[in-house]
Amino acid sequence: MDLVIKIRDIKRDFQLGQEVVKVLKGIDLDIVKGDYVALMGPSGSGKSTLMNLLGCLDTPTSGSYLLNDQDVSSMSDDELAEIRNKEIGFVFQTFNLLPRTTALENVALPMIYAGASKSVRTKRAEEVLTDVGLEDRMDHKPNQLSGGQRQRVAVGRALVNHPSIILADEPTGNLDSKTGVEIMKLFDDIHAAGNTVIIVTHEEEIAEHAHRVIRLRDGMIESDVRNK
């Protein structure tokens, strides 16, 4: 079994004034290569905190997190930034594109941090934009693209460094339902190509695309069900 993520007894506390708020209360989680996971839970369940930990945007108060056998739970900010850039492809609800740069430049951005040459970056970014169906929009800036096209650019950017996991936070949250269906079809294709995909969502119809649904409640895993 090829484990990409191995989490043991992860806890995350936040200090609010005099009070300590326990958000994650001991999470154990294994995700294997090629898994397609939906992470669900009501507001305040801890799913955003767990996503930030999975994405190396935050570190746990206690417990261990192995990402591809590397213990990321005690890494420095600089080490985490490097892991994020190499191992994790992020897709956000708000797209997070640079407004004054083209689709191609937006997609190539993570490769700049990875130290790739301009010719390598351009070739790979063109490949990825073609994969997400935007081969005729490479020179367009975000304000010249529809919401769905912007999210495709964001998905392309997430894929560009061949990451270990694609982590998507409410990826259809800002899209109309028809465009949302198209974006989820794109995630299905990305998963079918062998990628490990984790989608954080509160929508049941989005979660239905995943092969495994993990529900959080009060900082604990309430259920973990394979549905395909």
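Things to note:
- Meets criteria (out of contact with any Pro (no Cβ under 9 Å at 6 or more places or on another chain), among the acidic types (Asp, Glu) and closer than 21 Å to ASP218 by Cα) for ASP30: yes
- Restricting the range 138-150 to residues that are closer than 23 Å to ASN85 by Cβ and of a type outside the set (A, V, I, L, M, F, W, C) leaves a set whose member that is most open to solvent (accessible area, probe 1.4 Å) is ARG150.
- Between MET111, MET75, the distinction of being closer than 25 Å to ASP58 by Cα and without any contact (Cβ under 8 Å) to a residue 24 or more places away in the chain belongs to MET75 only.
- Residues in the range 157-167 include none that are open to solvent by 50 Å² or more (accessible area, probe 1.4 Å), in contact with a Leu (Cβ under 7 Å, 6 or more places away or on another chain), in a helix (DSSP H, G or I) and on the phi < 0 side of the Ramachandran plot.
- Search result, residues across the range 53-65 that are open to solvent by 50 Å² or more (accessible area, probe 1.4 Å) and under 17 Å from GLU82 (Cβ atoms): LEU57
- Picking from residues in the range 78-137 that are under 18 Å from SER164 (Cβ atoms) and aromatic (Phe, Trp, Tyr), the one that is surrounded by the fewest Cβ atoms within 10 Å (Cβ to Cβ) is TYR113.
- Residue within the range 34-48 that is closer than 24 Å to ALA193 by Cα and open to solvent by 80 Å² or more (accessible area, probe 1.4 Å) present: no
The values are calculated or read from the model by the stated rules, or taken from the named source; none is laboratory data. Owing to the predicted nature of the structure, the values given are computational and were not obtained by experimental measurement. A quick note on method: Cβ atoms are made from the backbone with ideal geometry, for glycine too, and the neighbour counts reach across all protein chains shown. Surface areas here come from the heavy atoms of the whole protein model, side chains and all, with no ligands, DNA or RNA. Shrake-Rupley method; radii C 1.70, N 1.55, O 1.52, S 1.80 Å.
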